[in-house]
Amino acid sequence: MAGTDREVKVDGRELKLTNIDKVLYPKTGFTKGEMVDYYARIAPAMIPHLKARAVTLHRFPEGVEEPSKAFYEKRCPKHRPPWMKTVTVTAGPRAGDIDFCTVGDLPSLVWLAQLATIELHPSLSLARSPTKPTVLAFDLDPGPPADILDCCRVGLRIREMFGRFDLECFPKTTGSKGLQVYLPLNIRTTYDRTKPFARAIAQLLEKQTPDQVLHKMSKEMRKGKVFVDWSQNHRSKTTVAVYSLRAREHPTVSTPVSWDEVEQALERGDPDLLRFEAGEVIERFEKNGDLFAPVLELEQKLPSFGKLA
């Protein structure tokens, strides 16, 4: 066996880890072995958010500086171990049925990391009910020179809107340049309800502050504005998982944050207060637990949009 390969046993499952010294993030020297270790340590927080969901893999076998060799993978690899569970989702008349990977235990997550899966993108719905989302999601994407602080302002407005109806929503960084806001539902609803609702919210935010917010997916119009991406609320879309690494220059993570942290970053005018790398996220979890845990269980009903507006 090569010096950078290792056979390990994870919760009773035997796994072969290969090329663990391979550098995936050249700017920092962050290796594949360190990535596997990160996912193994964050697993208690991350797995509940992946369990029973179809997960799209974003693999970077040559690291983050070789994006041309990276690829998305919906179908769970055929060479998967026999214990790796999949979920079958009907993706439409053209794509047919797709067997996605699902991540319900530590060996599964470690095996995906072994494949150089830097990013994991789960569905907003459980695989057994692919038309029924468990959350309403807003992806806030800044168009330079706007940044995550501008996203924070929009996120706080979304929080205030729902707060009037005693509804709670929860923020997380994208691990890239934006912010995401999740409104837990966990009741019987469909994308036919959540997608137009999210779009209406985005349109309302734009109508109120057209110089700050955009609801249309137009790169030409996004300069200096925050694009409120409502389109993620669709059965065929997946969104970067909470606690997923991102394929940036540094091993940053899509990190759950508190609203107090969002407000503090705004008060100080410091976007770096909402930038977290792998090691910091482990420390945060060990200290604070999973700040995104309520998203899994909190049951909330969408108000009528007329009342919200």
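Structure values in brief
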{"read-out": "Tally, over the range 188-224, of residues that are in contact (Cβ under 8 Å) with a residue 24 or more places away in the chain, part of a loop (DSSP other than H, G, I, E, B) and not polar (S, T, N, Q)", "value": "4"}
{"read-out": "Extreme residue, farthest from LEU298 (Cα to Cα), among residues of the range 109-155 that are in contact with a Lys or Arg (Cβ under 7 Å, 6 or more places away or on another chain) and of a type in the set (S, T, N, Q)", "value": "THR117"}
{"read-out": "Checking LEU124 against (1) without any contact (Cβ under 8 Å) to a residue 24 or more places away in the chain; (2) in contact with a Pro (Cβ under 8 Å, 6 or more places away or on another chain), the condition it does not meet", "value": "(1)"}
{"read-out": "Qualifying residue in the range 99-112 (condition: closer than 30 Å to VAL154 by Cα and open to solvent by 30 Å² or more (accessible area, probe 1.4 Å))", "value": "no"}
{"read-out": "Meets criteria (open to solvent by less than 40 Å² (accessible area, probe 1.4 Å) and within 27 Å of THR28 (Cβ to Cβ)) for VAL295", "value": "no"}
{"read-out": "Residue among ALA95, ALA54 that is within 28 Å of ASP290 (Cα to Cα) and either at pLDDT below 95 or crowded, with 18+ Cβ neighbours inside 10 Å (or both)", "value": "ALA54"}
{"read-out": "Selection from the range 216-233 of residues that are within 16 Å of GLN180 (Cβ to Cβ) and either among the small types (Gly, Ala, Ser) or touching an Asp or Glu at 6+ places or on another chain (Cβ under 6 Å) (or both)", "value": "VAL226, PHE227, ASP229, SER231, GLN232"}
{"read-out": "Residue count for the range 163-187, restricted to those that are surrounded by 19 or more Cβ atoms within 10 Å (Cβ to Cβ), over 25 Å from ARG248 (Cβ atoms) and in contact (Cβ under 8 Å) with a residue 40 or more places away in the chain", "value": "4"}
{"read-out": "First in the range 73-88 and within 20 Å of HIS121 (Cβ to Cβ) and open to solvent by 30 Å² or more (accessible area, probe 1.4 Å), second anywhere and acidic (Asp, Glu) and in a loop (DSSP other than H, G, I, E, B), Cβ under 9 Å, 6 or more apart", "value": "LYS85/ASP105"}
{"read-out": "Top-ranked residue of the range 1-15 - restricted to ones that are without any contact (Cβ under 8 Å) to a residue 40 or more places away in the chain and either closer than 30 Å to LYS172 by Cα or of a type in the set (D, E, K, R) (or both), ranked as surrounded by the most Cβ atoms within 10 Å (Cβ to Cβ)", "value": "ARG6"}
{"read-out": "Residue match in the range 129-144 (condition: modelled with pLDDT of 95 or more, of a type in the set (Phe, Trp, Tyr) and surrounded by fewer than 22 Cβ atoms within 10 Å (Cβ to Cβ))", "value": "no"}
{"read-out": "Residue list for the range 285-306, filter: assigned to a helix (DSSP H, G or I) and under 21 Å from PRO133 (Cβ atoms)", "value": "PRO294, VAL295, LEU296, GLU297, PHE305"}
{"read-out": "Candidate set from the range 210-247 (those that are open to solvent by 30 Å² or more (accessible area, probe 1.4 Å) and within 16 Å of the chain's Cα centre (by Cα)); member that is nearest to ARG193 (Cα to Cα)", "value": "HIS234"}
{"read-out": "ASP147 being surrounded by fewer than 17 Cβ atoms within 10 Å (Cβ to Cβ), modelled with pLDDT of 95 or more, farther than 23 Å from THR209 by Cβ and not hydroxyl-bearing (Ser, Thr, Tyr)", "value": "no"}
{"read-out": "Long-range neighbours under 7 Å by Cβ, at least six apart or interchain, first residue open to solvent by 40 Å² or more (accessible area, probe 1.4 Å) within the range 23-48, second part of a strand (DSSP E or B) and of a type in the set (S, T, N, Q)", "value": "VAL23/THR31"}
{"read-out": "Matching residues in the range 254-284 - criterion: being assigned to a helix (DSSP H, G or I), open to solvent by 50 Å² or more (accessible area, probe 1.4 Å) and touching a residue at least 40 places away in the same chain (Cβ under 8 Å)", "value": "GLU263"}
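Let's see how each residue does on (1) farther than 30 Å from VAL103 by Cβ; (2) basic (Lys, Arg); (3) in contact with a strand residue (DSSP E or B) (Cβ under 6 Å, 6 or more places away or on another chain):
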position	(1), (2), (3)
GLN203	yes, no, no
ASP211	yes, no, no
VAL226	yes, no, yes
ASP229	no, no, yes
VAL262	no, no, yes
ALA265	yes, no, no
ASP270	yes, no, no
LEU296	no, no, no
SER304	yes, no, no
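The values are calculated or read from the model by the stated rules, or taken from the named source; none is laboratory data. Keep in mind that this is a model prediction, so the values were computed, not measured. Every residue, glycine among them, receives a Cβ derived from its backbone with ideal geometry; neighbour counts consider all protein chains shown. Side chains included, ligands, DNA and RNA excluded: accessible areas come from the protein's heavy atoms. Shrake-Rupley method; radii C 1.70, N 1.55, O 1.52, S 1.80 Å.
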